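Here's the structure, in structure tokens; my notes come after.
The values are calculated or read from the model by the stated rules, or taken from the named source; none is laboratory data. These numbers were taken from a predicted model, which means no experiment stands behind them. Here the Cβ is made from the backbone with ideal geometry for all residues, glycine too, and neighbour counts use every protein chain on show. The protein model used for the area step is the full one, side chains on, heavy atoms only, and it has no ligands, DNA or RNA in it. Shrake-Rupley method; radii C 1.70, N 1.55, O 1.52, S 1.80 Å.
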Amino acid sequence: MKVTKTSKSKINKIDFSKLPFGTVFSDHMLVCNYKDCQWNESEILPYGPIPMPPGAQVLHYGQSVFEGMKAFKNKSNEILLFRKEENFKRLNQSAERLSIPVIEEDVFMDGLDELLKIDSEWCKADEGYSLYIRPFIFASGECVKASASEEYTFIIITSPTTKYYAGEMNVVVEEHYTRAPQGGVGYAKAAGNYAASFFPTKQANAKGFQQLIWTDAKEHKYIEESGTMNIWFRIGDILVTPPLSDSILGGITRDSIVTLAKDNGIKVEQRRILITEVIEAFNKGRLKEAFGTGTAVTVNPINTITFRDERMVIEQQDDSFALKLKQQLQGIQKGSIVDVYDWTSKLKA
Ligand SMILES: Cc1ncc(COP(=O)(O)O)c(C=O)c1O
């Protein structure tokens, strides 16, 4: 792997007490190009603009997939990566669906390790900090024919981050627009899924909601996800979350919460949930919690859910499952709770 380090690190210019999510990038990036049916040697370069001809296929047809993962620093200043194998697997699942050549494991893992070693100072050990990692692959072939590209670029960039989605979480059930139809690309982290979500999300924002609850494309009766999070309801003392399907992104946080909840003796049901069931549970006083899960937020409580003209206010519970599971998950990620699941891997020195 060729490594070219920057001669001018930006790190001293960054105010780490103010880090708007996803706008500050570490000094270096990993780049690997695919041409003539193979991935070439990776390279680490100073973070910066990349050459992009106007005819690059990604700009026209959106053939692009990405991942979102995090690294944490423990008290001994060691970097812990959380479930990186799962992100690698999901990146390739997404790639396959978008007709993008899969990445070899050593290209991904070795590149990631090397990049994190070089930019380790960007991952802060203080409480609440992590390093958000964004691997992505896009069609870089220069051709405006509507077909899969023959050239691709794989890049990893990283961004120091503190907590995301601070404040209230008021969500509204979306009954017209759809995030992902059956048979579509919802289970993949395809760039276009997000582009398509911005318009309905903006409309919800304009009405004072932070996020939407996506419903199924066919009938708009079943709950799918909330924004870019998997969604959970605590009905009585059971946690219910929609089952994975081709219209739902299989969250790595979701999977971790399933395991943690079960090991806490909490019953988890992965099944289809009708909006009417949530409303009924609320009316009967059985909807105790609702929350979203995702890498950026870990676990994010939902304060209110609006369905048409009805606003359901979910009171904070003293024995909140969301809070308990969040603390456990964050403790494992940060290395302050023993990781019996083998989810974290230490960056080799
Ligand atoms: C649509 C969508 N659902 C759910 C998630 C949660 O996935 P994960 O827990 O792997 O971050 C994400 C990504 O963050 C997402 O984009």
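Spacing of the modelled spin labels on MET109 and ASP339, each 7 Å from Cα toward Cβ, amounts to 1.4 nm. Among the DSSP helices (H) of the chain, those spanning at least 15 angstrom by Cα along their long axis with an average Kyte-Doolittle hydropathy of 0.0 or more are 105-118, 252-263; this is a geometric and hydropathy rule only. Surface exposure of the chain, expressed per residue as accessible area with a 1.4 Å probe, stands at 47 Å². Here the Kirkwood formula puts the hydrodynamic radius of region 247-287 at 12.0 Å, using every distinct Cα pair. Taking the 1.4 Å solvent-accessible surface of region 223-339 as the whole, the part contributed by carbon and sulfur is 48%. Evaluating kT/(6 pi eta Rh) at 10 °C and 1.306 mPa s, with the Kirkwood radius of region 99-226 over Cα pairs in the Stokes-Einstein relation, gives 88 µm² s⁻¹.
Only protein atoms count toward the accessible area here, which uses a 1.4 Å probe; on region 81-136, the carbon and sulfur part of that area reaches 40 percent.
Maximal additional length on extending the MET52-ARG286 stretch stands at 78.9 nm, based on 0.36 nm per residue less the C-alpha distance. Taking all protein chains together and a 1.4 Å probe, the residues PHE66, PHE154 rank PHE66, PHE154 from largest to smallest accessible area.
Calculated over the chain, the projected area of the Cα convex hull averaged across directions stands at 18.2 nm². If you take the charge dipole of the chain about its Cα centre, with +1 on Lys and Arg Cβ and -1 on Asp and Glu Cβ, which of SER42, PHE82, LEU131 is farthest toward its positive end? Of the listed residues, the answer is LEU131. When the P(r) of region 1-147 is calculated, the portion above 23 Å amounts to 41% of the C-alpha pairs. The listed residues ARG308, ARG254, once ranked by accessible area (1.4 Å probe) with the largest placed first, stand as ARG308, ARG254.
If I stretch the segment between LEU244 and ASN40 completely, what's the gain in nm (0.36 nm per residue apart, minus their alpha carbon distance), one decimal?
Gain in length upon complete extension: 70.0 nm.
At an R0 of 30 angstrom, the distance between the Cβ atoms of LYS163 and ASN77 translates into a FRET efficiency of 0.90. If R0 is taken as 41 Å, the Cβ-Cβ distance between ASN12 and VAL102 corresponds to a FRET efficiency of 0.60. Compared with the direct C-alpha span, the chain from ALA195 to LYS145 gains 15.9 nm at full extension, assuming 0.36 nm per residue.
Across the options TRP343, LEU91, THR276, the greatest Cα extent toward the positive end of the charge dipole of the chain (unit charges at beta carbon of Lys, Arg, Asp, Glu) belongs to THR276. ASN92 sits among other residues whose Cβ lies under 14 Å from its own Cβ, and their net charge, with Lys and Arg +1 and Asp and Glu -1, is -2.
The alpha-carbon of LYS5 sits under 13 angstrom from the alpha-carbons of these aspartates and glutamates, leaving out residues fewer than 8 places away in its chain: ASP27, GLU43, GLU114, ASP119. Among the listed pairs LYS70/LYS326; LYS18/LYS324; LYS202/LYS326; LYS163/LYS348; LYS84/LYS267; LYS73/LYS326, give every one whose C-alpha distance is greater than 22 Å. Listed pairs above 22 Å: LYS18/LYS324; LYS202/LYS326; LYS163/LYS348; LYS84/LYS267. Across region 228-349 the C-alpha pair distances fall into 5 Å bins from zero in the proportions 2, 10, 21, 23, 20, 12, 6, 4, 2, 1, 0, 0 percent.
In the chain, the calculated helix contribution to ellipticity at 222 nm averages -7500 deg cm²/dmol per residue, counting -39,500 (n - 2.57) for every DSSP H run with n ≥ 4.
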